[in-house]
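In what follows, a single structure is set out as structure tokens and then discussed.
The values are calculated or read from the model by the stated rules, or taken from the named source; none is laboratory data. Small disclaimer: the values here were computed from a predicted structure and weren't measured. Neighbour counts are summed over all protein chains in view; Cβ atoms, including those assigned to glycine, are modelled from backbone coordinates with ideal geometry.
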Amino acid sequence: MGLAVAMNDAPATLRIWQQNLNKSADATSDLLHSASPDDFDILAIQEPYIDFLGRTRATHHWYVVYPTAHYNSAGRTRSVLLVNKRLSTNAWSPISLPSSDVSAISILSGGSRIHLFNLYVAGDHDQALHATARAARRLGQGAEEAMVWLGDFNRHHPLWDDERNHHLFTTANLARAQLLLDKVVELGLEMALPAGLPTLEAQRTKNLTRPDNVFCSERLIESLLRCEVVPHQRPPKTDHFPILTTLSTAVPLAPPQLRRNFRNVDWAAFNKTLEEALTAAPFPVAIMNSRDFDRALGRLQGAIQAAVEKEVPVTAPTPFSKRWWSKDLDGMRKKVKRLSRQAHRHRGDQTHAAHRDYRAARNIYVDHIRAAKRDHWHAWLDSVDSRSIWAAHRFVKNGSSDG
């Protein structure tokens, strides 16, 4: 399907879930089952979980976009984008930046491009800001270009923090925040997330602050449908709340791809169908030249494809993002989100029973996630036979993948 055709079926919105995961594997598992690929196009993650092989975690629904410097930088990667595989790969491309704290893509929308930068800005230096600003200038600021800066900026300023956090407005903090403001003003960006909304709850003090933010070009501000903090959707093991952003802009879709289940084939019926197809398209007695060979090969491929389409069932996608996920875990996740909403409602009273109930349910939920992963792996190893032993060897040898 060409790009122009795919645009006719493109969704009218671009939906982004922004989340700092505090380097937690448990938070990652929860996010992948909360942010359904039916509901979101991009997951913008700061401080992702990275294993000893340098890989994060995703599912088969997402492409993982690491920073350009991910594989050749001594520093830890603190920014990752997950792009929904429903979006056409012709509609987006990575942006090269010399920073392991910034992942970025350019998205084609109609006749224009949206350059989306996902930043983690360290509290003690501004390297990610400088690298992003240089890349933004290189990409240009023409009428057909628009920009989104989002992420964990670790900057505090009265323009977005609540005034009760005046103790954070030190001279040093304001100077660092001013550099961020200078960059966004230079590039014509405006703050999309309303001022005063906290995005982090400190684990110990429970103080609410605003290190995360979203900035957009003026043209995108006009098409902004949603930009809000959703505290009750916060994954376990992280102190940052999710930020959900929706833009009214169309992005081309990839053509749907059917997946067939060759493990569930009636091979007797398949062979009979294949034999009938081969009989209906007889082969030459002798192949005398390349034209005869190409003709015979085409008939063989056509017969095989016809048998596959008739006898090999289309596999139904799993209702969960990971095979070890279960309905019990889904029920626990919903319970934790409900209790999280109640705890946030009583955030002014830390002695309220809602906070205790939420912490207890969250800890049980995390324990069950870990147990489900372990039990699924052990059960799969117990089921290994002579046909699957080499698959087990390959999994153990190669380690975990990022999707």
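When each of Asn213, Asn165, Asn207 is tested for being closer than 30 Å to Arg356 by Cα, in contact (Cβ under 8 Å) with a residue 40 or more places away in the chain and buried (at least 17 other Cβ atoms within 10 Å of the Cβ), the lone residue that passes is Asn213. For region 63-74, the count of residues that are touching a residue at least 60 places away in the same chain (Cβ under 8 Å), outside any loop (DSSP other than H, G, I, E, B) and in the same structural domain as Ile107 (by TED's automatic domain parsing) is nonzero. Regarding region 82-99, can at least one residue be identified that is among the basic types (Lys, Arg), within 20 Å of Gln257 (Cβ to Cβ) and touching an Asp or Glu at 6+ places or on another chain (Cβ under 9 Å)? Yes, region 82-99 contains a residue that is among the basic types (Lys, Arg), within 20 Å of Gln257 (Cβ to Cβ) and touching an Asp or Glu at 6+ places or on another chain (Cβ under 9 Å).
Within region 195-212, being over 24 Å from the mean Cα position of the chain (by Cα) and not β-branched (Val, Ile, Thr) holds for Ala195, Gly196, Ala202, Gln203, Arg204, Lys206, Asn207, Leu208. Residues of region 327-360 that are exposed (fewer than 15 other Cβ atoms within 10 Å of the Cβ) and in contact (Cβ under 8 Å) with a residue 60 or more places away in the chain: Asp330, Arg338, Gln350. For region 222-241, state whether one or more residues are among the acidic types (Asp, Glu), at pLDDT below 95 and part of a helix (DSSP H, G or I). Yes: one or more hits. All of (1) over 30 Å from Ala58 (Cα atoms); (2) part of a loop (DSSP other than H, G, I, E, B) hold for Leu300 with one exception: (2). If the condition is being assigned to a strand (DSSP E or B) and surrounded by fewer than 20 Cβ atoms within 10 Å (Cβ to Cβ), then region 136-162 contributes only Glu145.
Phe169 - would you say it is hydrophobic (A, V, I, L, M, F, W, C) and over 17 Å from Ile221 (Cα atoms)? Spelling it out, Phe169 is indeed hydrophobic (A, V, I, L, M, F, W, C) and over 17 Å from Ile221 (Cα atoms). Does Ala133 satisfy the criteria of being aliphatic (A, V, I, L, M), under 24 Å from Ser223 (Cβ atoms), at pLDDT 95 or above and not in a strand (DSSP E or B)? Criteria met by Ala133. Looking across region 25-60 at every residue that is out of contact with any Pro (no Cβ under 9 Å at 6 or more places or on another chain) and small (Gly, Ala, Ser), the one that is nearest to Ile105 (Cα to Cα) is identified as Ala44.
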